[in-house]
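First up is the structure itself, then whatever we jot down about it.
The values are calculated or read from the model by the stated rules, or taken from the named source; none is laboratory data. Quick caveat, the model's predicted, so the values are computed rather than measured. Note that we place each Cβ from the backbone using ideal geometry, even for glycine, and neighbour counts take in every protein chain shown. Each accessible area value is taken on the protein alone, full model and side chains, heavy atoms only, with ligands, DNA and RNA left out. Shrake-Rupley method; radii C 1.70, N 1.55, O 1.52, S 1.80 Å.
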Amino acid sequence: MITFDKYPGGKKKAVTMSYDDGMIFDKKLIEIFDKYGIKGTFHINSGFLGASERKIKAEEIKEVYKNHEVAIHGVEHATLTKLKPQSMIGDVLEDRRALEKLMGYPVVGMSYANGAFSDVVCDVLKACGVVYSRTTQSTGKWGVPENFLKWHPTCHHKDSEANVDRFVNYTYGSGHLLYIWGHSYEFDNDNNWDLIERVCQKLGAGEDIWFATNI
């Protein structure tokens with residue numbers, strides 16, 4: 001992991017969020033993010049848009065995610081390590097092109113479906129113009145990755161509160177990055193929307209924090 005001296009605006013710390021799968025619960029999560037000035041990236045399987053009542057519809061995606069970033073998650077959530085390179089390319093590029101058409105801007109970020117990646121997968125992503133991709137391997141650390149195609153987050157949101165308390169109160173040095181990830185439907189399943197509300201409230205009060213999407 002590497003660090004920066006300062007972030008935009010002279011901020012000493014940065015926070016980014018990352019949520020997968022394009023579920024309708026993203027809408028409630030985004031309301032909370034917007035309330036406290038938090039920024040997030042939402043990794044979406046374009047092949048599943050509107051596939052069920054729990055999935056975001058293609059026609060609403062631009063409005064729902066207008067204040068945040070939309071990124072690749074594979075057109076149909078394929079485990080890339082199980083595919084041949086040609087199929088990997090198809091899975092990534094088809095998702096990228098569909099999302100770019102819907103959002104109207106270049107989509108060059110990603111998270112690995114099922115957390116699966118390898119050196120071969122990373123090489124394929126480079127060829128597809130992807131500049132970063134998030135894993136599911138939480139580190140508990142606050143650094144910036146040396147290889148953005150193997151971007152390990154700090155923690156899943158279920159472990160976020162203790163990390164946030166430490167992060168907000170930490171005053172030594174600068175350039176720290178807290179990266180929280182998860183799935184919005186988990187808050188509904190676990191009946192703990194109050195958790196992310198508390199986390200965002202604590203972070204939003206941090207005057208020395210820059211809030212950014214993954215890109």
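Residues that are open to solvent by 20 Å² or more (accessible area, probe 1.4 Å) and at pLDDT 95 or above: which strands (runs of 3 or more DSSP E) entirely in the stretch 1-93 hold 2 or more of them?
In the stretch 1-93, there are no strands (runs of 3 or more DSSP E) which contain 2 or more residues that are open to solvent by 20 Å² or more (accessible area, probe 1.4 Å) and at pLDDT 95 or above.
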Any hit, the stretch 202-214, residues being open to solvent by less than 70 Å² (accessible area, probe 1.4 Å), assigned to a strand (DSSP E or B) and at pLDDT 95 or above: yes
Cβ pairs under 9 Å, 6+ apart, first in the stretch 114-131 and touching a residue at least 24 places away in the same chain (Cβ under 8 Å) and closer than 10 Å to Met88 by Cα, second outside any helix (DSSP H, G or I) and of a type in the set (Gly, Ala, Ser): Val121/Ser133; Leu125/Ser133
The listed residue being closer than 14 Å to Thr213 by Cα and either out of contact with any helix residue (DSSP H, G or I) (no Cβ under 6 Å at 6 or more places or on another chain) or of a type in the set (S, T, N, Q) (or both), out of Phe48, Phe33: Phe33
Which numbered condition Ile196 fails, given (1) within 23 Å of Lys66 (Cα to Cα); (2) without any contact (Cβ under 8 Å) to a residue 12 or more places away in the chain; (3) of a type in the set (Val, Ile, Thr): (2)
Near pairs, Cβ below 9 angstrom, 6+ apart or cross-chain, from the stretch 161-174 (in contact (Cβ under 8 Å) with a residue 24 or more places away in the chain) to any residue that is of a type in the set (Gly, Ala, Ser): Phe167/Gly206; Val168/Ala205; Val168/Gly206
Selection count where residues are modelled with pLDDT of 95 or more and either out of contact with any helix residue (DSSP H, G or I) (no Cβ under 7 Å at 6 or more places or on another chain) or in a helix (DSSP H, G or I) (or both), scope the stretch 141-161: 14
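Go through the stretch 94-118 and count every residue that is part of a helix (DSSP H, G or I) and open to solvent by less than 40 Å² (accessible area, probe 1.4 Å). Please lay out each step first, then the result.
Narrowing the stretch 94-118 to residues part of a helix (DSSP H, G or I): 94-103, 113-115.
Applying the additional criterion that residues be open to solvent by less than 40 Å² (accessible area, probe 1.4 Å) yields 95, 98-99, 103, 113, 115.
Number satisfying all stated conditions: 6.
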The listed residue being open to solvent by 10 Å² or more (accessible area, probe 1.4 Å) and farther than 30 Å from Val92 by Cβ, out of Asn191, Asn147: Asn191
Lone unmet requirement of (1) without any contact (Cβ under 8 Å) to a residue 24 or more places away in the chain; (2) under 24 Å from Val64 (Cβ atoms); (3) of a type in the set (Gly, Ala, Ser) for Gly140: (2)
Hits in the stretch 168-186 - residues which are buried (at least 22 other Cβ atoms within 10 Å of the Cβ) and either out of contact with any Phe, Trp or Tyr (no Cβ under 8 Å at 6 or more places or on another chain) or of a type in the set (Phe, Trp, Tyr) (or both): Tyr179, Ile180, Trp181
Identity of the residue in the stretch 78-95, within 23 Å of the chain's Cα centre (by Cα) and polar (S, T, N, Q), that ends up nearest to Pro106 (Cα to Cα): Thr79
Inter-residue pairs, beta-carbon under 7 Å, first more than 21 Å from Val15 (Cα to Cα) and in the stretch 181-193, second in a strand (DSSP E or B) and open to solvent by less than 80 Å² (accessible area, probe 1.4 Å), 6+ apart: Tyr185/Met23
